[in-house]
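Below: the structure, in structure tokens.
The values are calculated or read from the model by the stated rules, or taken from the named source; none is laboratory data. Here the structure is a predicted model, which is why all the values come from computation and not from measurement. Every residue, glycine as well, gets a Cβ built from its backbone with ideal geometry; the counts of neighbours run over all protein chains shown.
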Amino acid sequence: MNRTTKMAIAVAGLCMLSACGEPKPVETRQETLRVAIPKRAFGKTGTGEAVDLYTLSNAKGMRAAITTYGGIVTSLQTPDRTGAMADVVLGFDVIDGYLKEHPYFGALIGRYGNRIGQGKFSLNGNSYTLVRNNGANHLHGGLKGFDKVVWAARDVSSTEAQKLELSYTSKDGEEGYPGNLSVTVTYSLTKDNELRIDYAAATDKDTVVNLTNHAYFNLAGQGEGDILGHEVTIHADRYTPVDKGLIPTGQLEKVEGAPFDFRTTHTIGERINSKDTQITLGMGYDHNFVLNSPGGSLALAARVKDSKSGRVMEVLTTEPGLQFYTSNFLDGTLTGKSGKVYQKRSAFCMETQHFPDSPNKAQFPSTLLKPGQQYKTTTVYRFLAE
């Protein structure tokens with residue numbers, strides 16, 4: 001056997017051992033590890049549009065179910081300190097509950113999260129009148145905001161996380177807003193038990209944008225009593241006081257000495273029945289906190305713990321504000337998942353955002369979006385157990 005033949009045999013043997021064959025790029029190997037997000041039909045809207053439900057999961061057993069109707073997080077299964085799983089967001093088992101009137105359970109909110117006073121604002125010398133759906137004010141995008149439309153869905157999962165991309169184009173004049181607004185929202189469920197939400201938008205005309213998610217959390221489990229014993233920390237030295245219509249007065253008040261001081265940990269119930277004027281106006285907590293982080297980079301905004309289950313939720317965001325709401329308007333008339341009746345203060349919301357009524361408050365961080373600019377924000381809900 002000559003030297004050339006021996007070398008050919010050796011190379012062939014190495015290829016057999018390493019399964020080399022044709023060179024395969026790293027990306028191809030990674031793609032084989034990507035797991036598609038399971039989806040199923042979730043029913044139809046009143047106009048006959050088909051709605052799907054996607055269920056994201058990770059290796060630790062956490063699961064997040066998201067429907068294309070309103071981009072709603074219908075279920076979020078997280079472990080307690082013993083590893084037992086529970087669904088920690090309020091909602092409904094079937095689409096019919098979401099098609100009826102409900103307080104934005106788990107939904108994507110837009111074009112403008114929270115309130116705009118009198119349903120009006122001016123931009124470039126032009127006055128815009130929005131739909132008034134909250135007394136004299138505009139709330140959460142109007143009568144048919146982003147919470148009530150069917151989003152186009154695309155599985156954009158990677159080897160690191162399952163990711164669901166939702167997209168929607170809001171037409172010029174929709175609910176009174178100027179400009180055609182193209183919106184993309186990506187939900188990711190990471191290996192670190194984080195539900196990450198990346199928001200992006202672009203417009204063809206000057207407009208205002210303020211996107212958020214309106215999940216109602218109960219870390220003991222949805223429908224498992226009130227949240228008054230939940231322990232809360234919010235990294236904010238100031239908040240925005242409101243008038244009787246819950247529209248910010250424009251002032252930035254210090255939380256020091258007030259029931260709004262969560263710089264050190266307090267239970268929700270400790271001061272929720274205070275005689276404080278702002279607590280009375282909100283019927284509890286329903287206020288925007290001015291986060292100490294100025295926004296733009298991802299930073300820890302808040303932490304909530306249920307000491308009984310050990311579940312902890314941390315909120316990280318690139319936004320400058322956080323609306324802390326204690327479900328003051330739930331009243332026992334809604335029956336949710338597994339037949340659970342939702343009573344007052346049976347959940348809390350932490351809606352990351354720019355400030356309410358910013359289009360009418362020049363001193364607040366701007367929500368203006370111009371053609372050629374890219375709106376981008378990120379919020380992460382991280383779940384732990386102690």
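Just one residue in the set 329, 324 is under 22 Å from the mean Cα position of the chain (by Cα), in contact (Cβ under 8 Å) with a residue 12 or more places away in the chain and more than 19 Å from residue 355 (Cβ to Cβ); that residue is 329.
In the set 47, 55, only one residue is farther than 30 Å from residue 308 by Cβ and modelled with pLDDT of 95 or more; that residue is 47.
Within segment 206-227, residues that are on the phi > 0 side of the Ramachandran plot have Cβ atoms under 7 Å from residues that are part of a strand (DSSP E or B) and hydrophobic (A, V, I, L, M, F, W, C) in these pairs: 221/86, counting only partners at least 6 apart in sequence or on another chain.
Restricting to segment 176-217, what's the tally of residues that are within 16 Å of the chain's Cα centre (by Cα) and over 16 Å from residue 64 (Cβ atoms)? Of the residues in that region, 9 qualify.
If I filter segment 54-76 down to residues being of a type in the set (A, V, I, L, M, F, W, C) and touching a Lys or Arg at 6+ places or on another chain (Cβ under 9 Å), which single residue comes out as farthest from residue 221 (Cα to Cα)? Lay out the reasoning, then the answer.
Applying the first criterion (of a type in the set (A, V, I, L, M, F, W, C)) to segment 54-76 yields 56, 59, 62, 64-66, 72-73, 76.
Applying the additional criterion that residues be touching a Lys or Arg at 6+ places or on another chain (Cβ under 9 Å) yields 56, 59, 76.
Values: 56: 19, 59: 21, 76: 10 Å.
Among those that are of a type in the set (A, V, I, L, M, F, W, C) and touching a Lys or Arg at 6+ places or on another chain (Cβ under 9 Å), it is 59.
Looking at the structure I just gave you, is residue 344 of a type in the set (Lys, Arg), in contact (Cβ under 8 Å) with a residue 12 or more places away in the chain, out of contact with any His (no Cβ under 7 Å at 6 or more places or on another chain) and outside any loop (DSSP other than H, G, I, E, B)? So residue 344 fails the test. If I filter segment 146-160 for residues that are out of contact with any Phe, Trp or Tyr (no Cβ under 7 Å at 6 or more places or on another chain) and crowded, with 23+ Cβ neighbours inside 10 Å, do I get at least one hit? No: zero hits. Pairing each residue of segment 116-139 that is without any contact (Cβ under 8 Å) to a residue 60 or more places away in the chain and at negative phi with any residue that is among the hydrophobic types (A, V, I, L, M, F, W, C) and buried (at least 16 other Cβ atoms within 10 Å of the Cβ), provided the two are 6+ apart or on different chains, yields C-beta distances under 6 Å for 128/121; 133/139; 138/116; 138/130. Of all residues in segment 366-376, none are under 26 Å from residue 62 (Cβ atoms) and part of a helix (DSSP H, G or I).
Can you confirm whether segment 78-94 contains a residue that is modelled with pLDDT of 95 or more and of a type in the set (Ser, Thr, Tyr)? Spell out the reasoning first.
So the first thing to find is which residues in segment 78-94 are modelled with pLDDT of 95 or more, and the list is 78-94.
Then drop every residue that is not of a type in the set (Ser, Thr, Tyr), which leaves 78, 82.
Taking every residue of segment 78-94 in turn, at least one turns out to be modelled with pLDDT of 95 or more and of a type in the set (Ser, Thr, Tyr).
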